[in-house]
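Each remark here refers to the structure printed beneath this line.
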Amino acid sequence: MPASPPSPTPGPLDVSPIPILSDNYAWRLRDNRSGAVAVVDPADAGAVIARLEREGGRLDLVLLTHHHDDHVAGALEVARRFGAPIAGAAADRHRLPPLDLALQEGDRVFLGDTSGVVIDTPGHTRGHVSFFFGDGPVLFCGDTLFSLGCGRLLEGTPEEMFGSLRKLSALPDDTLVCCGHEYTDSNARFALSVLPDNAALRERAAEVATQRASGTPTVPTRLVAERAANPFLLAPDIPSLAAFRSRKDSFR
Ligand SMILES: [Zn+2]
């Protein structure tokens, strides 16, 4: 039997995807103790504002993983609507919406009674960052790590992506992986082409097919499940990751 998808987080943090654009996810994170709310990559202001209004009309923090329009386009409008600060990578401040908090690796972002740490994750873009909240534990990894895949190397090198994935892979087993796109179905087909005998992957691919057939998001997933089935996390070295990534770029 395929594992059931992770249930809504029962702990101090509650996380929920907000489907936007054609296949993006913005994410809503709430600290249940204080009620404080953050959104990650709110590219579609209308959809994100509507969700936040439905849930009480509170927003305390906007987090940006990287500068691409399908992650940041609505950020300023969302932030202004609720008077929330925008946080993103200092290294990319010249091409991000105006930042109230310019972040470097190891910096903390505070949300009510909790906080997250900034992890540099270059590869997809040079200034890409991820956010890890240990209280979840929850990871927002933008276009670095996807379920069963990883981001295209648009600016970075295989070496950078390998290093970024190594850092994320070292996070706790039960970390909820909240990525920027619904790419899992296509990623599963590619992953099966390179790891046809991986039992965890075959089980996950069947689960993904069921989820997509019913219109259910395939994310978040648990990091432990990604480590078992994601070819880019299973790649033992940089050349293997580079080979998988270039094959995926032309995979149909
Ligand atoms: Zn991107």
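Quick look at the values:
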{"read-out": "Charge tally in the Cβ shell below 13 Å around LYS248, where Lys, Arg are +1 and Asp, Glu are -1, LYS248 excluded", "value": "+4"}
{"read-out": "Filtered trypsin sites (Lys or Arg not before Pro), segment 78-176: DSSP coil and at most 15 other beta carbons within 10 Å", "value": "ARG93, ARG95, ARG152"}
{"read-out": "For segment 11-120: relative contact order, % (alpha-carbon pairs under 8 angstrom, 6 or more apart)", "value": "20"}
{"read-out": "Counting DSSP beta bridges with both ends in segment 13-249, the antiparallel % (nearest 5)", "value": "70"}
{"read-out": "Three-way shape call for segment 115-166 based on the alpha-carbon gyration tensor, with the a/c threshold at 1.5", "value": "prolate"}
{"read-out": "Residue order, fewest to most beta carbons within 10 Å, for PHE162, PHE232, PHE131", "value": "PHE162, PHE232, PHE131"}
{"read-out": "The chain: relative contact order as a whole-number percent, Cα under 8 Å and 6+ apart", "value": "16"}
{"read-out": "Student exercise, segment 128-191 dipole from Lys, Arg, Asp, Glu Cβ charges, in Debye to nearest 20", "value": "140"}
{"read-out": "Helix-derived mean residue ellipticity, 222 nm - over the chain, DSSP H n ≥ 4, -39500 (n - 2.57), to 500", "value": "-9500 deg cm²/dmol"}
{"read-out": "Compactness of segment 13-249 as Cα Rg over 2.2 N^0.38 Å, two decimals", "value": "0.96"}
{"read-out": "Computed magnitude of the charge dipole of segment 13-249 (debye, nearest 20; Cβ of K, R +1, Cβ of D, E -1)", "value": "200"}
{"read-out": "Full-stretch length increase - GLU77, ARG58 - with 0.36 nm per residue and alpha-carbon distance subtracted", "value": "5.4 nm"}
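Since every read-out is calculated from the coordinates, none of them should be taken as a lab result. A quick note: this is a predicted structure, and the numbers were derived from the prediction, not measured. All Cβ positions, even for glycine, are placed from backbone atoms using ideal geometry, and neighbour counts span all protein chains on display.
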